[in-house]
1. Restricting things to alpha carbons, tell me how big the range 193-335 is in terms of Rg and Dmax, in Å.
2. Only four residue types carry charge here, +1 at the Cβ of Lys and Arg and -1 at the Cβ of Asp and Glu. Report the dipole size of the range 193-335 about the Cα centre in Debye, rounded to the nearest 20.
3. Where the Cα atoms of the range 20-191 are projected onto their three principal axes, how long is each span, largest first, in whole Å?
4. May I ask what percent, to the nearest 5, of DSSP beta bridges between residues of the chain are antiparallel?
5. Using +1 at the C-beta of Lys and Arg and -1 at the C-beta of Asp and Glu, which of A267, V182, A277 has the Cα lying farthest in the positive direction of the dipole of the range 181-336?
6. Tally Lys/Arg at +1 and Asp/Glu at -1 over every other residue whose Cβ is under 12 Å from the Cβ of Q221; what's the total?
7. Cut-off under 24 Å on the C-alpha distance; same-chain residues fewer than 8 positions from K274 excluded. Which lysines are left, in chain and number order?
8. Counting only Cα, what are the radius of gyration and maximum Cα-Cα distance Dmax of the chain, in Å?
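What follows draws every value from the coordinates through simple rules; no lab data is involved. Keep in mind that this is a model prediction, so the values were computed, not measured. Cβ: placed from backbone, ideal geometry, glycine included. Neighbour counts: every protein chain shown.
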Amino acid sequence: MTRSTQPGRIRLRTAPPVAGARILGMGSAQPENVVTNDDLAQRMDTNDQWIRERVGIQSRRIAKEDTLLVDMAAEAGSRAVKDAGIAPTEIDTVIVATCTMPSGIPNAAAQTADRIGIPAPGAFDLNAACAGFSYGIGTAADLVRAGSSRHVLVIGAEKLSDWIDWTDRSTAIIFADGAGAVVLGPATDEASVGVGPLTWGSAGDMAQTIHINPDTNALFQEGQAVFRWATTKIAPVALKAIELAGLTPADIDVFVPHQANLRIVDAVAKRLRKEGAREDMVVADDIVHSGNTSSASIPLAMDHMRADGRLRSGDVALLAGFGAGLSFAAQVVICP
């Protein structure tokens, strides 16, 4: 007897898909330790005015040496699960977007899930640096839409202070620590879909503009090169995400880009307004008091903006992540 190679001989069952995904809850966590520009001026040749003019940062949060990345990830994740109104046992997948996990094995996601009390979920880390959270949202939405997962916890968490040369003012003034998280779940019908299609990509030819220096084990960044790239390349990506969601720039209530540099944020927002975004579109500026927290910056900004009333339930938000890789991604979401 020979094996049959006829197409269609076996039909595999697939999980029942759903209309789409939506965000159910959010949460964030930051270290208590606040480091001001004046504090940094005592360590290196810089001053408050110089830092504000170049990156827009006034202060940032830096974790204690014994604080682990998974400590912050678990705190933010627990708050997001509680905010979603579900039990940890209802989470079946955990994604941690990070580029600062000190070891590749074990991953952060499994340890974070264990700390939160999520039993035996699918758990993996995702490294797209500052675009990581947008990559994570896109991946989670596809898992929910396909029926592979019902509730997905997506966390952006970074402890960048472990990778900083505190005498290098080109990086020490910018980067910080923190975590932010969201829970995604199924949309009951097309009218309740809350996560639009992801547009993403990379520019590997610029990989060396942001990297870990193997000689110093510290983060290196060519600030001007990254600035020029981001201010010209990110607005078209954001506009594409709006188009894929079936919307126009005028439909966007809130713009939450990666908090890389306040000048970059302002430049991209200005371009979006030239393309039809409203003058009253709220633009995230969390970098002023949180610094650049890489993959954590978008969810941190969202949670802080909700707390101060600038982001409301039902708002149409445009998310755009970009950074080392170089990597970039954007999508439109409906705020919970």
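1. For the range 193-335, the Cα radius of gyration and maximum Cα-Cα distance read 15.0, 48 Å.
2. On the way: 12 positive and 15 negative charges, 52 e Å.
Dipole magnitude for the range 193-335 comes out near 240 debye.
3. 55, 35, 25
4. Details: 36 of 53 bridges.
That works out to approximately 70 percent antiparallel.
5. A267
6. Details: positive: R169; negative: D165, D168, E222.
For residues surrounding Q221, the net value is -2.
7. K233, K240
8. 20.1, 82
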